[in-house]
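The values are calculated or read from the model by the stated rules, or taken from the named source; none is laboratory data. Model, not experiment: these values are computed from the prediction. In this analysis, Cβ positions are derived from the backbone assuming ideal geometry, glycine residues included, and neighbour counts consider all displayed protein chains.
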Amino acid sequence: MSKNVLVLGEAREGELRNVSFEAIAAAKQIAGGGTITGLLIGDSVENLAQEMVQYGADRVITVEHADLKQYTSDGYSQAFMAVYEQESPDAVVMGHTALGKDLSPKIASKLGSGLISDVTAIEGEGDDAEFIRPIYSGKAFEKVKNKEGLLFFTIRPNNIEPLEKDGSRSGDVSSVSVEITNLRSIIADVVRKASEGVDLSEAKVIVAGGRGVKSEDGFKPLEELAELLGGAVGASRGACDADYCDYSLQIGQTGKVVTPDLYIAIGISGAIQHMAGMSNSKIIVAINKDPEANIFKVADYGIVGDLFEVMPILIEEVKKLKSTQTV
Ligand code: FAD
């Protein structure tokens, strides 16, 4: 049976986040030829609608309101529900991002539906689709199938490949006007802690430092390597607790969960709580002076050595490779 799927796109600072395109690809896989409708919520999002179409959406609905400039669960759920009631989709997809993690349970409870959260892969297509999601902090995976009713799932960023962008595609864009009422909270201000540059949760390359980095200054070579590789800097809680870097960089059970193509763990022991946030990375490289460090159990490549000796060599080699245009 074909399914009409509603896909919530996410924008940040006027640009769509990659997870929006990944969600469209996931929607296509389960739609069985049904219509993919993108949904954009914010104070000014209409200009982003055609990009959702170029990544595979058939049409896009926007909900614009001054009170939707910043995400609040009250505001977004009112906007979402208005569109949901108009469209009655068979399936809903959103990113397992900070926004999606907050909004999806609220919506599922309003709809009385199930929710398959944090999906990292989909096997099969259409009605046969099975959803893979990590459990027990990534120590095991389970396969879930929707039995009946609304199919509602969230996808972990960086796991499902988006479709190729087709600049020649165009689709219908319509708007739904919603009265936003009874907001129990408003965001007065947002103070950014993370540095400019690549978003940690969507980075393809992450260079992460631990307590072994020894100081705030010790993070400088990691920043240099991350920049050379077009990636982002992350950290263990050990490094955050020691005040070497901001908690916004923390990866792990109580930090961000990331799945980059390349994760370079530097001076990180590999505590279970850290691995919960990075062990699904596609390639893991560890640099640690202790050959028994736990991180080597998940590493594809390991360098046993003093990071203060290894890092300058690594940076030099990357620079050389870059100068010959092979990186
Ligand atoms: P350490 O364990 O101190 O490891 C430092 C490593 O650096 C060692 O392996 C050492 O051999 C190596 N090293 C030292 N000097 C050098 C050198 N010169 N060259 C090379 N290697 C060197 N942790 C997280 O990361 N994320 C979380 O989300 C998280 N959540 C937690 C939640 C709970 C409820 C609890 C109890 C703990 C949590 N932790 C989390 C903490 C976790 O248990 C570890 O304490 C923490 O990950 C350790 O950080 P680390 O590996 O940087 O430090």
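The single condition among (1) in contact with a Leu (Cβ under 8 Å, 6 or more places away or on another chain); (2) part of a loop (DSSP other than H, G, I, E, B); (3) within 13 Å of the ligand (Cβ to nearest atom) that Y244 does not meet is (1).
This table checks each residue for (1) more than 13 Å from the ligand (Cβ to nearest atom); (2) closer than 20 Å to K204 by Cα; (3) at pLDDT 95 or above; (4) in a loop (DSSP other than H, G, I, E, B).
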position	(1), (2), (3), (4)
I287	no, yes, yes, no
A299	no, yes, yes, yes
V310	no, no, yes, no
K319	yes, yes, yes, no
V327	yes, yes, no, yes
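If you go through segment 98-134 and keep only what is under 15 Å from A27 (Cβ atoms), among the small types (G, A, S), part of a loop (DSSP other than H, G, I, E, B) and touching a residue at least 12 places away in the same chain (Cβ under 8 Å), you end up with just A129. Going by the conditions given, is D241 of a type outside the set (F, W, Y) and closer than 27 Å to R156 by Cα? Taking the combined requirement at face value, the residue satisfies it. Going by the structure shown, is D189 farther than 28 Å from A25 by Cβ, outside the structural domain of A79 (by TED's automatic domain parsing), loosely packed, with under 11 Cβ neighbours inside 10 Å and touching a Phe, Trp or Tyr at 6+ places or on another chain (Cβ under 9 Å)? For D189, the condition - farther than 28 Å from A25 by Cβ, outside the structural domain of A79 (by TED's automatic domain parsing), loosely packed, with under 11 Cβ neighbours inside 10 Å and touching a Phe, Trp or Tyr at 6+ places or on another chain (Cβ under 9 Å) - is not met. Of all residues in segment 247-285, those being over 16 Å from the mean Cα position of the chain (by Cα), assigned to a strand (DSSP E or B) and within 8 Å of the ligand (Cβ to nearest atom) number 1. Just one of the numbered conditions (1) touching a residue at least 40 places away in the same chain (Cβ under 8 Å); (2) surrounded by 17 or more Cβ atoms within 10 Å (Cβ to Cβ); (3) more than 21 Å from the chain's Cα centre (by Cα) is not true of G95: (3).
Yes/no matrix, rows are residues, columns are (1) free of Cβ contacts under 8 Å to residues at least 60 places away in the same chain; (2) crowded, with 18+ Cβ neighbours inside 10 Å:
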residue	(1), (2)
A242	yes, no
T254	yes, no
P260	no, yes
G267	yes, yes
K282	yes, no
